[in-house]
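Student: My structure is below; once you've seen it, I'll send some questions.
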């Protein structure tokens, strides 16, 4: 689920930390993958091998369970989440949102360029883990409750208001 870059994510963190916009603002979204890799490398420690990296990945705790703007990520052998025949889970992202393409709404793309057409997230982008998908009729193509991005993070995902190191 997209969130306005001034409200969350790496752009928001960069601006908070440095007191100014990033010098390459349209490239900052790529930090997600790098930050995940660096977190895993931190878990590996000083003896970096393929096996130690895999062990750190499979031992890491799930992230983002219950979030809307970020996915739940885990790897390994969570028998409560995945059936035995797909274990170990090596895919990472565990949950999904229902989306639909709305060609008539004008919105912003990933580079903040305005244009016609956006993905709409059903029910405000609610994410579902396996086995949690609702039994009700889909609300795809229903604009009521759909959202294309958050301009303010959902209450449960707001960061504390710490003073910026930049002053």
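Student: Can you pull out every residue in the range 98-116 that is in contact with a helix residue (DSSP H, G or I) (Cβ under 8 Å, 6 or more places away or on another chain) and at pLDDT 95 or above?
Tutor: Of the residues in the range 98-116, the ones in contact with a helix residue (DSSP H, G or I) (Cβ under 8 Å, 6 or more places away or on another chain) are 98-100, 110.
Once the filter is applied, which keeps residues that are in contact with a helix residue (DSSP H, G or I) (Cβ under 8 Å, 6 or more places away or on another chain) and at pLDDT 95 or above, the range 98-116 yields 98, 99, 100.
Student: Give me the pairs, please: first residue somewhere in the range 142-155 and without any contact (Cβ under 8 Å) to a residue 24 or more places away in the chain and at positive phi, second residue anywhere and part of a loop (DSSP other than H, G, I, E, B) and surrounded by 15 or more Cβ atoms within 10 Å (Cβ to Cβ), beta-carbon distance under 8 Å, and either six or more positions apart or on two chains.
Tutor: 145/139
Student: Pick out the one residue from 59, 116 that is surrounded by fewer than 12 Cβ atoms within 10 Å (Cβ to Cβ), more than 14 Å from the chain's Cα centre (by Cα), in contact (Cβ under 8 Å) with a residue 12 or more places away in the chain and closer than 28 Å to residue 146 by Cβ. Spell out the reasoning first.
Tutor: Values: 59 fails: closer than 28 Å to residue 146 by Cβ.
Residue meeting the stated conditions: 116.
Student: Is at least one residue of the range 133-152 in contact with a helix residue (DSSP H, G or I) (Cβ under 7 Å, 6 or more places away or on another chain) and within 30 Å of residue 61 (Cβ to Cβ)?
Tutor: yes
Student: Could you check the range 73-97 and list, in sequence order, the residues that are at negative phi, in contact with a helix residue (DSSP H, G or I) (Cβ under 8 Å, 6 or more places away or on another chain) and without any contact (Cβ under 8 Å) to a residue 60 or more places away in the chain? Full working, then the answer.
Tutor: Of the residues in the range 73-97, the ones at negative phi are 73-75, 77-91, 93-97.
From what is left, the residues that are in contact with a helix residue (DSSP H, G or I) (Cβ under 8 Å, 6 or more places away or on another chain) are 73, 75, 77, 88, 97.
If the condition is that a residue be at negative phi, in contact with a helix residue (DSSP H, G or I) (Cβ under 8 Å, 6 or more places away or on another chain) and without any contact (Cβ under 8 Å) to a residue 60 or more places away in the chain, then 73, 75, 77, 88 are the ones that fit.
Student: Could you go through the range 18-38 and let me know if any residue there is in contact with a strand residue (DSSP E or B) (Cβ under 8 Å, 6 or more places away or on another chain), under 27 Å from residue 164 (Cα atoms) and modelled with pLDDT of 90 or more.
Tutor: First pass over the range 18-38, keeping only residues in contact with a strand residue (DSSP E or B) (Cβ under 8 Å, 6 or more places away or on another chain): 36.
From what is left, the residues that are under 27 Å from residue 164 (Cα atoms) are 36.
From what is left, the residues that are modelled with pLDDT of 90 or more are none.
No, that holds for no residue.
Student: Exactly one condition in (1) at positive phi; (2) within 11 Å of the chain's Cα centre (by Cα) is not met by residue 70; state its number.
Tutor: (1)
Student: Could you pull out the residue among 153, 163, 130 that is under 15 Å from the mean Cα position of the chain (by Cα) and part of a loop (DSSP other than H, G, I, E, B)? Before you say what the answer is, go through the steps one by one.
Tutor: Working: 163 fails: under 15 Å from the mean Cα position of the chain (by Cα); 130 fails: under 15 Å from the mean Cα position of the chain (by Cα).
Going through 153, 163, 130 in turn, just one is under 15 Å from the mean Cα position of the chain (by Cα) and part of a loop (DSSP other than H, G, I, E, B): 153.
The values are calculated or read from the model by the stated rules, or taken from the named source; none is laboratory data. Keep in mind that what you see is a predicted model, and the values were worked out from it rather than measured. Reconstructed Cβ throughout: ideal geometry from the backbone, glycine too, with neighbour counts over all protein chains shown.
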